[in-house]
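Beneath this line is the structure, given in structure tokens, with notes to follow.
The values are calculated or read from the model by the stated rules, or taken from the named source; none is laboratory data. What you are looking at is a predicted structure, and each value in this text was computed from that prediction instead of being measured. Cβ coordinates were reconstructed from backbone atoms using ideal geometry, including for glycine residues, and neighbour counts include every protein chain displayed. Protein only, heavy atoms only, side chains kept; ligands, DNA and RNA dropped before computing areas. Shrake-Rupley method; radii C 1.70, N 1.55, O 1.52, S 1.80 Å.
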Amino acid sequence: MKKFLTVLLLMLGMTNFCWAHENAQTGENAKMHEFMLKAIAEAEKNIISKDGGPFGAVIVKDGVIVGTGHNEVLKNNDPTCHAEMQAIRDACHNLKTFDLTGCELYTSCYPCPMCLSATIWANIKKVYYGNTAEDAADIGFRDDFIYKFIEGGCKDVQVLDLEQQQRDETIVTFKKFAEQTEKTIY
Ligand SMILES: [Zn+2]
């Protein structure tokens with residue numbers, strides 16, 4: 001009888017543990033859902049305001065939104081004002097840092113090469129995205145030619161012509177920087 005009770009208590013304990021674990025996971029999923037809804041809400045702003053394309057993003061740190069952004073290319077006359085870039089700028093401004101280590105990016109669409117690079121530069125290690133690059137292409141926003149340009153070794157001059165000039169002069173600043181004892185590498 002004693003043995004039976006011990007087993008029963010153990011089983012009850014396990015059930016309780018599983019329930020708590022499942023509940024924590026459900027809570028986490030609800031949070032993730034909420035963050036993506038916020039990214040969608042950012043994207044939705046442009047249906048009315050037309051600041052730029054229908055893209056939105058948020059940056060999350062320790063379960064809290066630390067930066068938000070929507071595409072503002074048209075409003076600012078700035079081709080770098082993609083939603084993810086704006087969210088990164090906002091998070092860096094709010095956290096007073098250039099290093100977003102430990103942050104996660106929620107974006108309504110798969111990031112373009114510029115935003116992907118900026119995300120990596122910011123030390124963000126996790127991105128959640130909604131729409132695919134193909135979905136974006138379907139509404140007129142194509143970036144596959146940029147990926148192809150990079151994958152092809154940046155050799156397609158029809159996309160961009162890269163030509164080296166005056167390295168003997170540009171390298172001087174690099175040498176000065178290398179000689180400095182106090183510097184920040186990021
Ligand atoms: Zn982008």
Matching residues, the range 104-130, being aliphatic (A, V, I, L, M) and exposed (fewer than 14 other Cβ atoms within 10 Å of the Cβ): 120
Test set (1) within 14 Å of the ligand (Cβ to nearest atom); (2) over 16 Å from the mean Cα position of the chain (by Cα) - residue 69 fails condition number: (2)
Counted residues, the range 162-177 - those being open to solvent by 100 Å² or more (accessible area, probe 1.4 Å) and of a type in the set (A, V, I, L, M, F, W, C): 2
Single condition residue 173 does not satisfy, out of (1) out of contact with any helix residue (DSSP H, G or I) (no Cβ under 9 Å at 6 or more places or on another chain); (2) within 16 Å of the ligand (Cβ to nearest atom); (3) not acidic (Asp, Glu): (2)
Filter result for the condition that a residue is among the charged types (D, E, K, R), outside any loop (DSSP other than H, G, I, E, B), surrounded by fewer than 17 Cβ atoms within 10 Å (Cβ to Cβ) and away from the ligand (no atom under 16 Å from the Cβ), over 31, 45, 75: 31
Test for residue 63: is it within 16 Å of the ligand (Cβ to nearest atom) and either at positive phi or open to solvent by less than 10 Å² (accessible area, probe 1.4 Å) (or both): no
Output for the range 78-118, where each listed residue is more than 9 Å from the ligand (Cβ to nearest atom), aliphatic (A, V, I, L, M) and within 19 Å of residue 128 (Cβ to Cβ): 87, 88, 91, 100, 105
Residues that are over 11 Å from residue 105 (Cα atoms), assigned to a loop (DSSP other than H, G, I, E, B) and either touching a His at 6+ places or on another chain (Cβ under 6 Å) or touching a residue at least 12 places away in the same chain (Cβ under 8 Å) (or both), drawn from the range 124-144: 132, 139, 141, 143
Scope the range 29-87; condition within 22 Å of residue 125 (Cβ to Cβ) and among the charged types (D, E, K, R); matching residues: 31, 34, 38, 42, 61, 62, 84
Candidates 97, 101, filtered to the one that is open to solvent by less than 60 Å² (accessible area, probe 1.4 Å) and within 18 Å of residue 123 (Cβ to Cβ): 97
Given (1) within 18 Å of residue 52 (Cβ to Cβ); (2) surrounded by 11 or more Cβ atoms within 10 Å (Cβ to Cβ), index of the condition residue 159 fails: (1)
